[in-house]
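Each reported figure results from applying straightforward, stated rules to the coordinates on display, with no laboratory input. Note that the coordinates shown come from a computational prediction; the quantities given were computed from them, not determined experimentally. Here the Cβ positions follow ideal geometry from the backbone for every residue, glycine too, while neighbour counts run over all protein chains shown.
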Amino acid sequence: MDALVASRITKRYTNHLALDQINLTIPQQTIFGLLGPNGAGKTTFIRIINQIINADEGQISIFGERLQQKHIGSIGYLPEERGLYKKLKVGDQLIYLAQLKGLSRKEATEKSKTWIRKFQITDWWYKKVEDLSKGMAQKVQFISTVMHEPRLIILDEPFSGFDPVNAQLITQEILELKQKGCTIIFSTHRMETVEDLCDDIALIHKSKVILEGSKKKIKNTFRTNTYTVEHKGPLNSTAVFELVSQRNLEDTFYRSVIKMKQDLNPNQLIRELTEITEVHSFIEQVPSMSEIFISLVKGESHE
Amino acid sequence: MNKIWLIVQREFLNRVQKKSFLIATILLPLIFPALMAILVYVAVEQKKNASKDVVYYVDESNKFMADTSKFIFKEFEGSIAAAKQSFQEDQSYALLHIPDFELSNPRGFTLYTKVNPSPNEIGDLEGMLENQIRELKLVKFNIRQEVLDSIKTDITIRTINVSEAGDEKTSDSKVLFGIGMACGIMMYIFIFVYGAQIMQGVIEEKTSKVVEVIVSSVRPFQLMMGKIMGLASVGLLQFLIWIILITTLSSVVLGFFGLDMPQQQMMNEMSQEYPDAQLQNQGTMEVLGLIGEVPFGYLIFNFLFYFLGGYLLYGALFAAVGSAVDSPAEAQQFMFPITIPMLIAYFGLFTFILDDPHGSISVWLSIIPFTSPIAMMGRIGFGVPAWQLFLSMLSLIGGFVFTTWVAARIYRVGILMHGTKINYKVMAKWFMMKG
């Protein structure tokens, strides 16, 4: 059973089409990266999942059921535009937000105390949010997102505003939540996060999904058969590969970027290379998510 | 529904736990009577202690007879130039120059002072001179004082309300006027103060960005209604405390100091000197009796109803404005159209509603929901026919259902919009937008 299946989601605003026939499948217990440039429609899509706005067409099912009011309690949402009540004390705030998610007062109090202890911030309980630093407030905000134990957690740019130490802490928590069975949707521009954490991704561009699948599979399709080789003595293009660039490192050592011409496997290429030169290192140039992102978005916008 | 209740609770606690609420609620009913008491006390003391000013006068007409009830007059024998000279060196207050005037055309009176005299003092002097000249004229035209006195008449109309049931009730339009004005002004202030608080709260939620977290848990409509109702409950609590405080305080004060109040003391003294004042005293008692006759229960019920109704009606609009803007400064331009009907009712209160509470404009203003809270409170003391009251209440309920519906449609879009340039066209677009 998938955590979320969106089929033909369309949302139209007066002047433009925010989402155009979006189809997405988010498997359970994965970290799903929702990527896309600004204004692509990510936030609109997330708001539809959170039932803040309604889609004009299409439907969403969540854990096999059609999305309804009652699912509010099983979704945790950390919006990009986030904040807390400044004048409210941390404890009251957490209890209130959890109650709004459907927890009883007793449960809400217990859960928030557990999390406060876990993050070792018990002395903040009676502090007003306005007296906390930005990073501290972000921690409280993260607790409020996950404390009602949602099965689906949506994080919109979760690391903005976090210092590296806190970012590390939150990353740990996210991985732990995944271990426990949660599904996490990440909406972000930060490709290193995607690289590190995400299992599956979808790229939304100009209101459409232009790329979807597991990170590994996507990387495979975007392989360019390019390799970086360090070797002794200069190298020239052969029938098997084409020399893209070459740079002298020291003495007679060179670093070259080569591209396979024929449909060979890396072993065959190494065999070919060892015959003509002395190979010191051989690395396949796998495209980073960032490169894939840029090439797709740029390619689209040139059309 | 359960979630609205949570929001109501939260809003209520947020406000009530603030120190400012406690201060406003407890001090306000104390501050106003205390301020009034201090002012009255100061005024009485000043009158009591004020020594009469010395006024020198130079009388060239030989017609002036000094009346010493308000000033001490001292005649200066000699020319006005010499008088001015000596006035400069003197401690006295003023120098009055009375030239030799024609009785038919009295002119040329001059008052020399070292400081600017108050209009009251000028008035006193003018009055005195006018009286004297009038008397001189009476003599000249051969009219006797008794004749003049017999012309003067004093009539007071006693007004009695005849209700449909045929009961007769004494009423005093001055008391009703006062009650109507007080209720109307209070209504205006309360709707504004509480409405502004709703707007403030909405803007705060929007600027602190907490709103998107909240609307992922509750519907925007629930959030808006929770906020409005939470504040309404704060308002009702505040009224309740005020009513209890004021009634207990005033009964304590009246029972304790009632006989020792300065005015009453003065009145007792006067009544010994002048038997006339006895009548006046009776008049005061009558007014007190009339105040006792005003149906306060009926008044309070209506006040609360119109406060709640007016507050809900305007509160929703204030919430909509708050949702559309990013800062209170930006809200100013949208406040204007909201305040216009309130202002019409408010100024109407002073210009025609209290003067003519049963005139057709007054009646219509008290039925139209946007103006009825203030207009009806102005009229209510004078007795409003049941059908008008009923129609007014019904249209007020309809009015706030309507404004809440309109406001909710703007609110749900507005709270999620940041940094957009807002005008009425944009708001209309939001209103038309599908969920």
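For peptide A:47-54, the mean count of partner chain Cβ atoms within 10 Å of a residue's Cβ comes to 5.
Phi angles across region B:319-333 convert, under the Karplus curve 6.51 cos²θ - 1.76 cosθ + 1.60 with θ = phi - 60°, into 3J(HN,Hα) values of 4, 5, 4, x, 6, 7, 9, 9, 8, x, 4, 5, 5, 3, 5 Hz, Gly and Pro given as x. Among B:M199, A:L78, B:L35, whose Cα projects farthest towards the positive end of the dipole of the protein assembly as shown, with charges put on the beta-carbon of Lys, Arg (+1) and Asp, Glu (-1)? Of B:M199, A:L78, B:L35, it is A:L78. Grouping the Cα pair distances of the protein assembly as shown into 20 Å bins from zero gives a pair-distance distribution of 12, 29, 24, 17, 11, 5, 2, 0 percent in increasing distance order.
Summary of packing: across the peptides B:202-208, A:124-130, B:226-232, the per-residue average of other C-beta atoms within 10 Å ranks them, highest first, as B:226-232, B:202-208, A:124-130.
DSSP beta bridges fully contained in the protein assembly as shown are about 65 percent antiparallel.
Report, in debye and to the nearest 20, how large the dipole of chain A comes out about its Cα centre when Lys and Arg carry +1 and Asp and Glu carry -1 on their Cβ.
Numbers: 40 positive and 37 negative charges, 273 e Å.
The calculated dipole for chain A is roughly 1300 debye.
Other protein chain C-beta atoms within 10 Å of residue C-beta, averaged over A:77-86: 6. Using a ≥ b ≥ c from the Cα gyration tensor of region A:107-184 (square roots of the eigenvalues), is it rounded, prolate or oblate, where a/c under 1.5 gives rounded and otherwise the larger of a/b and b/c decides, a/b for prolate? Judged from the Cα gyration tensor, region A:107-184 comes out oblate (a/c at least 1.5, b/c at or above a/b). With Cα atoms defining each centre, region A:256-299 and region A:138-197 are spaced 34 Å apart in the structure. Relative to the longest principal axis of the Cα atoms of chain A, the long axis of helix A:90-100 makes an angle of roughly 90 degrees. Converting phi to 3J(HN,Hα) with the Karplus coefficients 6.51, -1.76 and 1.60 and the offset θ = phi - 60°, region B:243-248 yields 4, 5, 4, 5, 5, 5 Hz in sequence order, with x at every glycine or proline. Computed from point charges on the beta carbon alone (+1 for Lys and Arg, -1 for Asp and Glu), the dipole magnitude for the protein assembly as shown about its Cα centre is near 3120 Debye. Helices in chain A, meaning DSSP H runs of at least 4 residues, each add -39500 (n - 2.57). Divided by all residues, the mean residue ellipticity at 222 nm is -10000 deg cm²/dmol.
Can you tell me what share of the DSSP beta bridges in chain A is antiparallel? A percent to the nearest 5 is fine.
Working: 42 of 59 bridges.
So the antiparallel bridges amount to about 70 percent of the total.
Considering only A:F186, A:S104, A:M260, and ranking their Cα positions along the charge dipole of chain A that arises from unit charges at the beta-carbon of Lys, Arg, Asp and Glu, the one farthest toward the positive end is A:S104.
When only the Cβ of Lys, Arg, Asp and Glu is charged (+1, +1, -1, -1), the dipole of region B:1-126 relative to its Cα centre reaches about 1560 debye.
For A:K298, the lysines whose Cα falls under 19 Å of its own Cα, not counting residues fewer than eight places away in the same chain, are A:K42, A:K206, A:K208, A:K219.
Past the 21 Å Cα-Cα mark, which pairs from B:K209/B:K421; A:K101/A:K127; B:K3/B:K227; A:K70/B:K227; B:K70/B:K114? Numbers along the way, then the final one.
On the way: B:K209/B:K421 18 Å; A:K101/A:K127 23 Å; B:K3/B:K227 11 Å; A:K70/B:K227 23 Å; B:K70/B:K114 19 Å.
Over 21 Å Cα-Cα: A:K101/A:K127; A:K70/B:K227.
Does region B:50-134 classify as rounded, prolate or oblate by the C-alpha gyration tensor (a ≥ b ≥ c root eigenvalues; a/c under 1.5 gives rounded; else a/b over b/c gives prolate, otherwise oblate)? Judged from the Cα gyration tensor, region B:50-134 comes out oblate (a/c at least 1.5, b/c at or above a/b).
Quantify how strongly other chains surround peptide B:198-209 by giving the mean number of their Cβ atoms within 10 Å of each of its Cβ atoms. All intermediate terms of the calculation are to be shown ahead of the outcome.
Numbers: counts 0, 0, 0, 0, 0, 0, 4, 2, 2, 2, 8, 7.
Mean shielding count: 2.
Projecting the Cα atoms of A:S295, B:F350, A:I154 onto the charge dipole of the protein assembly as shown (Cβ charges, centred on the Cα centre) puts A:S295 farthest toward the positive pole.
Cross-link partners of A:K232 among lysines, defined as those whose alpha carbon lies under 19 angstrom from its own and excluding same-chain residues fewer than eight positions apart: A:K259. In terms of packing, defined here as the mean over residues of other Cβ atoms within 10 angstrom, the peptides A:12-21, A:276-285, A:195-204 line up highest first as A:195-204, A:12-21, A:276-285.
What percentage of all Cα-Cα pairs in region A:1-115 are separated by more than 25 Å? Write out the running numbers ahead of the final one.
Values: 2275 of 6555 pairs.
Beyond 25 Å sits 35 percent of the P(r) for region A:1-115.
Straight-line cross-link partners of A:K87 among the aspartates and glutamates, defined as a Cα under 19 Å from its Cα and at least 8 positions apart when in the same chain: A:D123, A:E130, A:D131, B:E11, B:E204, B:E205, B:E212, B:D326.
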